[in-house]
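Engineer: Once you've had a glance at the structure underneath, I'll fire off some questions.
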Amino acid sequence: MKKKSPFIKIITSILLIGIGIFIGKSFFGQKNVETVPIPSTIKYRNAGLTNDTTQVASAQEFTGKIIEVKKGSSIQNAVKEANPGDLIRVYPGTYSENVYIDKDNISLQGVVINGEWPTLDGKKEINDAFLYSGNGILIENFKIINYKGNGIMGQAGNNFIIRNNWIIDTGVYGIFPQYGKNGLVEHNVLSKIADAAIYIGMCHNVDVLQNEVFDNVAGIEIENSRHCLVENNYAHNNTGGLLAFVTPGLPIKTTFDVILRNNFVVNNNHENFGAPGSTVSGIPPGTGILIMAADDVIVENNIITGNNNTGITIVDLATGDPKANDPNSEGNPDRVVILDNIMFDNGNAPTGELKAVMLTQMETKGPDIFAYGGGTGSTIRDKNKYRTFGLDNYGMAQITDTQDIPTMMTPTPVPPRSVSTEELGELTYYGVCAGCHAFGTRLIGPPTEILQAIHQNNPQGIVDYITAPKNLREDYPEMPPQDYLSEEAKMAVAEYILALKH
Amino acid sequence: MLWNNQRIIQDLVEKGRVILKVIISVAVLGIMAVAFFAGQRPTAYYPVPLLKSSCPPGFKLNENNECIAKNLYSQYATTNKAGVGGLKSALPEIRDGFSPQEIDLGRYLFFDPALSADQTVSCATCHDPDKGLGDGLATSQGKDGQKLKRAAPSLYNVGYLKKLFWDGRASSLEEQMLEPLFSKDEMGNTPENLLNTINEIENYRKLFAEAYPKRERDQPIALNEITKAIAAFQSSLVSLNSKYDQYAHGYDEALNKKEIEGLNIFRSFVARCAECHTPPLFTNQQFAVIGTPEPDGLPLDPGAEIPFNDESLRGAFKVPSLRNIAQTAPYMHSGRFKTLRETVQFYTDGRGHAVPEGENLLIHWHIWEPNLTDYELDRLVDFLKTLTDESFKPKIPEVLPSGLKIST
C-alpha cells in the first residue's frame, strides 16, 4: 500500500478536528442567546402619589456587577463572591446544593433557555434550596425539586421578591419568608408540598399574587402575619386552599388585616399528608378557605367551588387547633368580612366534626360557609346567596369592595437602620473593646488613655493594630485580632477611641 | 515611632507613680484617721474597695449616671418587639439604666454567702462564672447539699428575658430571686433574718448608702434595695461576641465550613432548631412541650402546668437560650443529657418517643422526625460551640463586704 504523505495526514487531521469542533458546537454547545439581563424590581407606585395612579415612583436600581453561573459550577460560590447590589445569573443545569445568602441586596435570577430551567435538585438529601437572612433579596426563575425542608426560606430580610419559580416536592414548605417586612411572592407554581406551598410566617406587608398551588396539604398560608394581600391565585386540589390563621406559642401573636381577593379556590380535596402534629395535619380535606383566629380578614370576589368539606371555614383556636395554650394568643376570629364570592358545589362529602355537626341539622352536605366557635363583629354582604352554618350573628358588611387597596406592600422600601459613624464607633467600643479596655483602669489590656496617647491623631494606627496586633509590651497579654470587624467599624471605633474624653 | 511610644508610656507610668504615691499617702493618713476616730464599731470592718463608678463592659454611662446597653446588635432595625429574626436582627429590650454603683453592689451581694441562712450558699454557688454562670450539675444543690429538682440556668443575657425559671413563673428578676433566697431547700433564709444580717454588716450599710445616695442616712437597708441591686448586676451579664456573632455581623470567615454547615442545619426547616431558639438571643422566650426524658427513676416534671394551672402546658418549659451552651452541660431542665451530642440526638429520635406511658402531652409541632444523619448531628454540635463568648465574664470580688469567704 502506498504510504500517505505526512502533509496529507496533517491536513486530514486538521480537517477532522475542525469538523469535530463544528459538530460539537452545534450539538452540545450553549446557544448564544440574548436574554434580558436585569430583573425588574419592586416598583413603588404609591410613594408620595395617590393610589389610583400607575406611575412608578421609585424602583431599586442595579448598580453592582453581574456574576454568571453555568452548569457544573456552584451558585453558593457566586453568592460568596457577590457584594450588595450584584446580580447572579444562573444558567440551565442541575445544581444540587444548599444556597445561603447572609448578605443584603443580592439578586439571583435563573435564565431559562429553550424551556430548560436552572434546576436546584435536593435529591431528598439536602435540607433547603435557598436560605436567606439579608434584606433586599430577589430570587426568580428557578426550578426547585426534591428538598427535605424548604424551597426558599427567609429568616428576617425585608423588601424581598420571590417570583416565577417552579417548585415541586421540597419537603415542608415551598416558599417561606419568616420575620420579613414588605415582600412580593408572585407567579410561582408549587406542588406536592407536605405543609404549606406558600407560607407567610410572622411577616408584615406581603403581597401573594398570581401563584398556582396544587397537590399540597395547604396552598397559601398567612400565619401570625399582618397586612397581607392574597390575590389572583389558583389554589386547586390541596387539602386546604387558602388559610389565614394564628398559631399559638409563637413570639409574634396576631394575624390581622388580610385580604383574600380574586382567587380561584377550586376542588381542594387532596388527602391530608401533613406530618403528625403539624397544624395543617388537622385540616379536613375539602377545605377551600380556612380562617382560624385571624382578625379583619376580607374574603372578596373569589371563585370557591368543588371543595368537598366547606367553601369557607371560620373557627376559633379551641375548635380548630388544640395545642398547648398561650395566654398571649387571642383565639377568636373577629371582624371577618365576606364580600361577593362565587360559591357552589362545595360540601359534597363533609368529614369529621363538620359531618357530625351537619347531621344534627339533618344535612348530609357541608355548607359553603361554616362558622364555629367564638368571634365578634363579623359581617357578610349577601348571606342569602350561600348555604351557611353558624352565621346567625353576622351582620351586613359595611363595605362593598376593597378597590382602594391595590397592595399591602409599603409605599417605600423598608429602610435599613442607619447608624452614624460615631454611633457605630460607640457600639463597637462598648460592645466589644470594653471587655478589655476602660478609662482610668487596667482591665486586661492597657487603659484607653494609653491607647489615645500611643495613637494620637492616627486612627489608621489603631485600625492596623486591631487588624493584626503585634505584642509590643511584655506586661500585657497579646490582643486577639479584631479582624472580624468591618473596615467601616474598625475606623469608626478608632476615631471614637481617640475622641473619648473620660 | 516605637521609641516615641515607649517614651509616652514611660511618661505616663512616671506620672502614674507620682499619683500613686500621693494616693497611698492620703490613703494611709485616711486609714489612720479612721482607726483613730472609729472607736467601737458593732461589727468587724473589712476593707472593701469603693463601688465602681464606671459601667461594666457592654454598657455606656450616660449623664444621669445610668448604664445603657451598647452592642453591635443595636445597629439593626427593630422589626418586632419580640427581638427575634435572623442574623442581623435587633435584640429584644434589655433591662438597663442601673447605676454603676448599683451594679457593683449587686455583684458583691451576688457572691456573698451572707445572703443564705447558714452563710454557706451564695447566688454564685449555682451561677458560677467559671461554669458559664451555671453550676455544671444535672440538678442544683441547695443548702446542706440538698438535691433540687431542676438545673440552674446560665445567667448570660438574663436581662433580656421576660419570664424566669424553667416554668416561667416569675416575670422579673426581683420576683425570681425571692424564691431561692427564702426557699427552705435553697438558701433557706427568711426576709427578717436576711435584713438583720445585711443591716448588721457595716460595709453593706456604707455600700448601700453609696449605691442609693437618695436614701435617708440611717434608714435600714430594705429587701427591695437588695433585690434591685442583684437584678442590676444580673442584667449586666451579657454575651454577644461569639464567633457566631462575628459571622452574623458580616465576617464570613468567622465560621469554618463545618460550622456553617451546622448553622444551615440549625436554621433549616428540617431540624427547625432556629424556630424556637431564634437568633439573636437563641430563644423566642415561649413555652414548648418537647417531651424530654427525666433522669432515671424521677417522675415527669409537670413544668408550666403548675404555675399556670393549665393542663395543656403539662411538661412545658421555657425555651432556654443557647448562648454559651457548650459551657453549661448537662442539658435540659433536669440535666438528663450529658453532652450536646446526646441532646441534639433527642430531637431526631421521634416525636414523643420519651414520653412516659399514660401521659398525654401536647407535644410542640416542631418536634417531629427530621431524620438527621450522624454527620448532621455532629455539625449541629460544631455550630452550638460557636455560641461561646465569655469575654465579659464578671470578676469575682477579692474581698466580700461580709468578710465571708467566696463560695461558688
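What follows is calculated from the coordinates using simple rules that are stated; it is not laboratory data. In this text the structure is predicted, and so the values were computed from the model without any measurement. Positions of Cβ are generated from backbone atoms using ideal geometry, with glycine treated the same way; all protein chains shown enter the neighbour counts.
Engineer: Please list, by residue number, every one of the trypsin sites (Lys or Arg not before Pro) in region B:71-139 that is coil in DSSP and has at most 11 other beta-carbon atoms within 10 Å. Provide the component values of the computation, followed by the final result.
Structural biologist: Values: sites: B:LYS81, B:LYS88, B:ARG95, B:ARG107, B:LYS131; in loops: B:LYS81, B:LYS88, B:ARG95.
Those that pass, being in a loop and sparsely packed, are B:LYS81.
Engineer: When the Kirkwood hydrodynamic radius is evaluated over all pairs of different C-alpha atoms of region A:178-418, what value in angstrom, to one decimal, is obtained?
Structural biologist: It is 17.4 Å.
Engineer: Would you kindly derive the ³J(HN,Hα) couplings of region B:305-317 from the backbone phi angles with the Karplus curve 6.51 cos²θ - 1.76 cosθ + 1.60 (θ = phi - 60°), listing them in order in whole Hz, with x for Gly and Pro?
Structural biologist: Whole-Hz 3J(HN,Hα) from phi for region B:305-317: 4, 6, x, 9, 6, 9, 4, 5, 9, 4, x, 8, 10.
Engineer: While we're on this one: With bins 10 Å wide starting at 0, give me the P(r) of region B:59-235 over every alpha carbon pair, in whole percents.
Structural biologist: Computed distribution, short to long bins: 9, 34, 34, 18, 5, 0.
Engineer: Taking every pair of distinct Cα atoms and averaging 1/r, then inverting, what Kirkwood hydrodynamic radius in Å comes out for the protein assembly as shown?
Structural biologist: Kirkwood radius, the protein assembly as shown: 30.9 Å.
Engineer: Let me ask another. Rule-of-thumb check for region A:188-237: C-alpha Rg over 2.2 N^0.38 Å?
Structural biologist: Working it through for region A:188-237, the quotient is 1.06.
Engineer: Taking N as the number of residues in region B:243-387, what is its alpha-carbon radius of gyration divided by 2.2 N^0.38 Å?
Structural biologist: Output field value: 1.07.
Engineer: Which parts of region A:130-166 would a label at B:GLU369 reach, counting a residue when its backbone N lies under 20 Å from a point 7 Å out along Cα-to-Cβ?
Structural biologist: Answer for this model: A:147-150.
Engineer: Sticking with this structure for a sec: How high is the relative contact order of region B:95-193, in percent, with contacts defined as C-alpha pairs under 8 Å that are six or more residues apart?
Structural biologist: 23 percent
Engineer: To continue, here is another question. Assuming R0 = 25 Å, what is the FRET efficiency of B:LYS184 and B:ARG215, from their Cβ-Cβ distance, to the nearest 0.05?
Structural biologist: Values: r = 31 Å, r/R0 = 1.25.
So the FRET efficiency works out to roughly 0.20.
Engineer: Relative to the longest principal Cα axis of chain A, at what angle does helix A:421-431 sit, 0 to 90 degrees, rounded to 10?
Structural biologist: 90 degrees
Engineer: Provide the convex hull volume over Cα atoms per residue for region B:118-219, in Å³. Could the numbers behind the result be given before it?
Structural biologist: Values: hull volume 13.5 nm³, N = 102.
So the per-residue hull volume is 132 Å³.
Engineer: Helix A:6-28 sits at what angle to the longest principal axis of chain A, using alpha carbons and giving 0 to 90 degrees rounded to 10?
Structural biologist: Roughly 40 degrees, rounded to the nearest 10.
Engineer: Quick one: Cα centre-to-centre distance for region B:242-296 and region B:349-408, in angstrom?
Structural biologist: 11 Å
Engineer: Plugging the Kirkwood radius over Cα pairs into Stokes-Einstein for region B:199-327, at a temperature of 20 °C and a viscosity of 1.002 mPa s, what D comes out in µm²/s?
Structural biologist: 112 µm²/s
Engineer: Residue by residue, what Karplus-based ³J(HN,Hα) values in Hz, rounded to whole numbers, does region A:396-413 have, using 6.51, -1.76 and 1.60 with θ = phi - 60° and x for Gly and Pro?
Structural biologist: 7, 4, 8, 10, 9, 7, 10, 3, 6, 10, x, 7, 9, 5, 6, x, 9, x
Engineer: Which residues' amide hydrogens lie under 5 Å from the amide hydrogen of A:TRP166, considering only partners 5 or more residues apart or on another chain, with H built in the peptide plane?
Structural biologist: Here A:PHE142, A:LYS143, A:ILE144, A:VAL189 satisfy the definition.
Engineer: If you bin every alpha carbon distance in region A:57-171 into 10 Å steps from zero, what whole percent lands in each bin?
Structural biologist: 15, 50, 31, 4, 0
Engineer: Additional query: Using square roots of five times the C-alpha gyration tensor eigenvalues, list the equivalent-ellipsoid semi-axes of chain B in whole Å, biggest first. Each step should come with its number before you reach the end.
Structural biologist: Numbers: eigenvalues 344, 164, 63 Å².
Equivalent ellipsoid of chain B: 41, 29, 18 Å, largest first.
Engineer: OK, next. Contact order normalised by length for region A:356-427, with contacts defined as Cα pairs under 8 Å and 6 or more residues apart; what percent is it? Provide the component values of the computation, followed by the final result.
Structural biologist: On the way: 41 pairs, mean separation 17.0, N = 72.
Reported relative contact order: 24 percent.
Engineer: Next question, about the same structure. Can you tell me how much longer the chain between A:SER281 and A:GLU97 gets when fully stretched, taken as 0.36 nm per residue apart minus their C-alpha distance, in nm with one decimal?
Structural biologist: 63.3 nm
Engineer: Over the Cα atoms of chain A, Rg to Rh with Kirkwood Rh, two decimal places? All intermediate terms of the calculation are to be shown ahead of the outcome.
Structural biologist: Numbers: Rg = 29.4 Å, Rh = 26.2 Å.
Over the Cα atoms of chain A, Rg/Rh equals 1.12.
Engineer: Give the long-range amide H neighbours of A:ILE342: residues separated by 5 or more places, or on another chain, with amide H under 5 Å away, using H modelled in the peptide plane at 1.01 Å from N.
Structural biologist: Counting only residues 5 or more places away or on other chains, the set is A:ASN302, A:ILE303, A:ILE304.
Engineer: Please identify the helices of chain B, taking whole runs of DSSP H, that span at least 30 Å along their own axis as judged from the Cα atoms and have a mean Kyte-Doolittle score of 0.5 or higher.
Structural biologist: Taking the DSSP H segments of chain B (at least 30 Å long, mean hydropathy at least 0.5), we get B:2-38.
Engineer: Helix-only estimate, please: 222 nm mean residue ellipticity of the protein assembly as shown, summing -39500 (n - 2.57) across DSSP H runs of length 4 or more and dividing by its residues, to the nearest 500.
Structural biologist: -7500 deg cm²/dmol
Engineer: Sorted by packing (mean other beta-carbon atoms within 10 Å per residue), highest first, where do B:384-393, A:211-220, A:103-112 land?
Structural biologist: A:211-220, A:103-112, B:384-393
Engineer: Separate question: Taking only C-alpha pairs under 8 Å that are 6+ residues apart, what is the relative contact order of chain B in percent?
Structural biologist: 21 percent
Engineer: For region B:339-407, treating each Cα as an identical point scatterer without solvent, what Debye log10 I(q)/I(0) comes out at q = 0.12 1/Å?
Structural biologist: Each listed q corresponds, in turn, to -0.58.
Engineer: Moving on to the next point. Between B:ALA354 and B:LYS149, what's the calculated FRET efficiency when r is the beta-carbon distance and R0 is 22 Å? Round to 0.05.
Structural biologist: 0.75
Engineer: Turning to a different aspect of this structure: How far apart, in nm, are two points set 7 Å out from the Cα along the Cα-to-Cβ line at A:ASN328 and at B:LYS257?
Structural biologist: The answer from the label model is 4.1 nm.
Engineer: Continuing with the same structure: Scan region A:399-502 for GluC sites (Glu not before Pro) in coil per DSSP, keeping those whose Cβ has at most 10 other Cβ atoms within 10 Å, and list them by number.
Structural biologist: Details: sites: A:GLU422, A:GLU423, A:GLU426, A:GLU449, A:GLU474, A:GLU478, A:GLU487, A:GLU488, A:GLU495; in loops: A:GLU474, A:GLU478.
Loop-located and lightly packed - A:GLU474.
Engineer: Using alpha carbons only, what's the Rg to Rh ratio of region A:422-499 with Rh from Kirkwood?
Structural biologist: Answer for region A:422-499: 0.92.
Engineer: Under 29 Å Cα-Cα from A:LYS501, which lysines qualify once same-chain neighbours fewer than 8 residues away are excluded?
Structural biologist: Within the straight-line cut-off, A:LYS501 pairs with A:LYS470, A:LYS490, B:LYS15, B:LYS21, B:LYS52, B:LYS60, B:LYS70, B:LYS214, B:LYS393, B:LYS395.
Engineer: For a Förster distance of 35 Å, can you work out the FRET efficiency between the beta-carbons of A:SER420 and B:ASP130, rounded to the nearest 0.05?
Structural biologist: Here the calculated transfer efficiency is 0.35.
Engineer: Could you work out the mean count of beta carbons from other protein chains within 10 Å of each residue's beta carbon in A:170-178?
Structural biologist: Values: counts 1, 3, 6, 1, 0, 0, 1, 0, 8.
The shielding value for this peptide is 2.
Engineer: Assuming 0.692 mPa s and 37 °C, estimate D for region A:118-202 with Stokes-Einstein, Rh taken as the Kirkwood radius over Cα pairs, in µm²/s. Each step should come with its number before you reach the end.
Structural biologist: On the way: Rh = 12.1 Å.
Value of D from the Cα-based Kirkwood radius: 271 µm²/s.
Engineer: In addition: Cβ neighbours within 10 Å, averaged per peptide: list A:401-409, B:320-328 in order, most packed at the top.
Structural biologist: B:320-328, A:401-409
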